[in-house]
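Below: the structure, in C-alpha cells.
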Amino acid sequence: MQKEERTLRDFYLAFEDRFRGDSAEISERLSFYLPYLSQTPAGAQPVIDIGCGRGEWLQLLRDAGYAGIGIDSDPAMVEHCRNRGFEVIEADALEQLRSLQEGSVRGVSAFHILEHVPFTVMLQLLREIIRVLRPGGVALLETPNPHNMLIGACHFYTDPTHVRPIPSQLLSFAAEYCGFPTPSVLFLHPAADRHWIREQGDTIEHRFNDLFYGPQDYSLIAFKT
C-alpha cells in the first residue's frame with residue numbers, strides 16, 4: 001500500500017472513531033431492524049451486512065440467533081471483526097454479491113453505505129441485492145436524510161468519502177425500479193430536544209424544528225416477493 005493510501009485510511013479510521021458514535025449507541029440504533037428479520041421466512045440462509053465496520057450489527061444478529069456474514073473493503077475493520085469471531089469477507093461489496101447464488105440469503109443490510117458510491121453503482125447494488133435475496137427476504141438500507149436542512153446542506157459533507165445525498169423519493173423509486181414492489185421509508189433519529197425551538201401551538205416554529213432538527217437519517221425497508 002502506498003504511503004498516501006495508508007495515510008488516508010488511517011485518517012478515516014480516526015474520523016470514524018470521532019464522528020460515528022460509540023458501539024453501544026450504534027447497537028441501540030441498529031436493534032430497530034431486528035423485528036423486520038423476524039418477518040422473513042425461517043431458514044438457515046445468512047444475513048449479509050455490506051460495510052460491516054466494527055461489527056455492531058453482526059453482534060446483534062448473533063445474539064438474536066441469525067447467521068450473519070459481513071463484507072468490508074477495509075482490512076483493519078475486517079481484522080477487528082474476525083478477532084471478535086465474526087465471519088467477514090474482505091472484498092468489494094458489488095463483486096461479492098455477484099458471486100452469490102440467486103435467492104441464497106435471508107436479508108441484506110447496508111447502513112450508511114449507499115451515500116458513499118456513485119448512483120450507477122447504487123443501482124447495481126440494488127439489482128444484486130434483490131437477486132440474492134430469497135422470496136420473502138428483506139433489504140435493510142439506511143442513509144443520511146437530506147430533507148433535514150442541516151444534514152443535506154452541511155453535516156453530510158463532513159465525511160470526505162460521501163458522494164452525494166440521496167433523497168428518500170429517489171431511493172424508494174430506485175428500489176421499485178430494480179424490482180422491490182412496495183418499499184417502505186421510515187424517518188429516524190431526530191436531534192435531541194435541547195436543540196429544538198420552543199413551539200407555541202401550530203406555528204412556524206414547528207416547521208422550522210422539522211426542517212432543521214427533525215430526523216437525521218431514514219431507512220428503506222424492502223421485502224422481495
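The values are calculated or read from the model by the stated rules, or taken from the named source; none is laboratory data. Quick caveat: nothing in here was measured; it's all calculated off a predicted structure. All Cβ positions, even for glycine, are placed from backbone atoms using ideal geometry, and neighbour counts span all protein chains on display. Quick note on the areas: whole protein, heavy atoms, side chains included, nothing else; ligands and nucleic acids left out. Shrake-Rupley method; radii C 1.70, N 1.55, O 1.52, S 1.80 Å.
Find the residue count for region 75-129, including only residues that are within 13 Å of residue 53 (Cβ to Cβ) and either in contact with a Lys or Arg (Cβ under 7 Å, 6 or more places away or on another chain) or of a type in the set (A, V, I, L, M, F, W, C) (or both).
Result for region 75-129: 11.
Take the residues in region 81-94 that are without any contact (Cβ under 8 Å) to a residue 40 or more places away in the chain and open to solvent by less than 80 Å² (accessible area, probe 1.4 Å); name whichever of them is farthest from residue 217 (Cα to Cα).
Looking at the filtered set, the residue picked out is 85.
Mind counting the residues in region 204-225 that are more than 21 Å from residue 20 (Cβ to Cβ) and part of a helix (DSSP H, G or I)?
Residues in region 204-225 being more than 21 Å from residue 20 (Cβ to Cβ) and part of a helix (DSSP H, G or I): 9 in total.
Please work out which residue is surrounded by the fewest Cβ atoms within 10 Å (Cβ to Cβ), limiting yourself to region 60-70 and to residues that are among the small types (Gly, Ala, Ser) and either touching an Asp or Glu at 6+ places or on another chain (Cβ under 7 Å) or closer than 13 Å to residue 85 by Cα (or both).
Taking the candidates together, the pick is 67.
Spot the failing condition for residue 201; the list is (1) modelled with pLDDT under 95; (2) at positive phi; (3) not in a loop (DSSP other than H, G, I, E, B), and only one is missed.
Result: residue 201 fails condition (3) only.
Being buried (at least 16 other Cβ atoms within 10 Å of the Cβ) and part of a helix (DSSP H, G or I) is the filter here; which residues of region 30-44 pass it?
Within region 30-44, 30, 33, 36, 37 qualify.
May I ask you to list the residues in region 45-59 that are open to solvent by less than 30 Å² (accessible area, probe 1.4 Å) and either part of a helix (DSSP H, G or I) or of a type in the set (A, V, I, L, M) (or both)?
47, 48, 50, 56, 57, 58
Anything in region 131-151 that is open to solvent by less than 10 Å² (accessible area, probe 1.4 Å), farther than 22 Å from residue 217 by Cβ and not in a strand (DSSP E or B)? List them, or say none.
132
Are any residues in region 15-29 under 18 Å from residue 113 (Cβ atoms) and not in a helix (DSSP H, G or I), and if so, which ones?
Once the filter is applied, which keeps residues that are under 18 Å from residue 113 (Cβ atoms) and not in a helix (DSSP H, G or I), region 15-29 yields 20, 21.
Which of the residues belonging to region 95-130 are surrounded by fewer than 18 Cβ atoms within 10 Å (Cβ to Cβ), assigned to a helix (DSSP H, G or I) and in contact (Cβ under 8 Å) with a residue 24 or more places away in the chain?
98, 116, 119, 121, 123, 124, 127, listed by residue number.
Scan region 153-196 residue by residue and report those that are touching a strand residue (DSSP E or B) at 6+ places or on another chain (Cβ under 8 Å) and assigned to a helix (DSSP H, G or I).
Once the filter is applied, which keeps residues that are touching a strand residue (DSSP E or B) at 6+ places or on another chain (Cβ under 8 Å) and assigned to a helix (DSSP H, G or I), region 153-196 yields 155, 156, 168, 171, 172, 175.
Please enumerate the residues belonging to region 168-185 that are in contact with a Pro (Cβ under 7 Å, 6 or more places away or on another chain) and surrounded by 15 or more Cβ atoms within 10 Å (Cβ to Cβ).
Hits for region 168-185 are 172, 175.
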